[in-house]
Amino acid sequence: YVFVVVAFACSIHALETPGEEDDKQWLTFWIITFILAILERLTDVMLSRYDDIYYGLKLVFMIYLVFCRGADKMYERFRYLFLRTATFLDWLDRSIPQVSLFRPLVLPASKEEESL
């Protein structure tokens with residue numbers, strides 16, 4: 001839990017500072033953490049046989065992500081996957097206009113607002 005508190009504090013700090021480099025690091029950290037949490041849920045029975053090894057490796061991995069800017073390095077290494085996913089989501093958004101995934105919900109203007 002120490003890593004979550006440190007990462008949370010660093011994420012808030014990154015949002016308050018100008019520039020995007022630290023934002024990318026912490027957004028990528030939270031994405032990786034989320035993916036790990038889902039994988040743990042899906043494979044918890046299998047991982048229970050290797051608790052000591054898995055959690056030791058996870059601890060080392062989290063130290064790398066938090067203190068060595070590992071999330072930023074992983075983003076640069078696997079950037080093409082992020083870009084392909086973004087391209088797919090853009091295509092999906094254009095293909096199904098009724099289901100707007102990324103455009104904000106805009107309610108139609110009332111008659112009074114249109115006349116102004």
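The values are calculated or read from the model by the stated rules, or taken from the named source; none is laboratory data. All values reported here derive from a predicted model rather than from experimental measurement. Neighbour counts are summed over all protein chains in view; Cβ atoms, including those assigned to glycine, are modelled from backbone coordinates with ideal geometry. Side chains included, ligands, DNA and RNA excluded: accessible areas come from the protein's heavy atoms. Shrake-Rupley method; radii C 1.70, N 1.55, O 1.52, S 1.80 Å.
One table, with the values for the structure above:
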read-out: Solvent-accessible area, 1.4 Å probe, carbon plus sulfur percent, for region 11-72; value: 69
read-out: Using alpha carbons only: equivalent-ellipsoid semi-axes of region 7-89, gyration tensor based, whole Å; value: 25, 17, 11
read-out: Å² per residue, accessible surface of region 1-91 at 1.4 Å; value: 77
read-out: Over region 1-76, relative contact order from alpha-carbon pairs under 8 Å, at least 6 apart, %; value: 43
read-out: Highest to lowest packing among 39-49, 60-70, scored as the average C-beta count within 10 Å; value: 60-70, 39-49
read-out: Gap separating the Cα centres of region 29-74 and region 1-18, nearest whole Å; value: 18
read-out: Among TYR50, LEU65, LEU39 the positive-end extreme of the charge dipole of region 33-83 (Cβ point charges); value: LEU65
read-out: Solvent-accessible surface (1.4 angstrom probe) belonging to TRP30, in square angstrom, nearest 10; value: 90
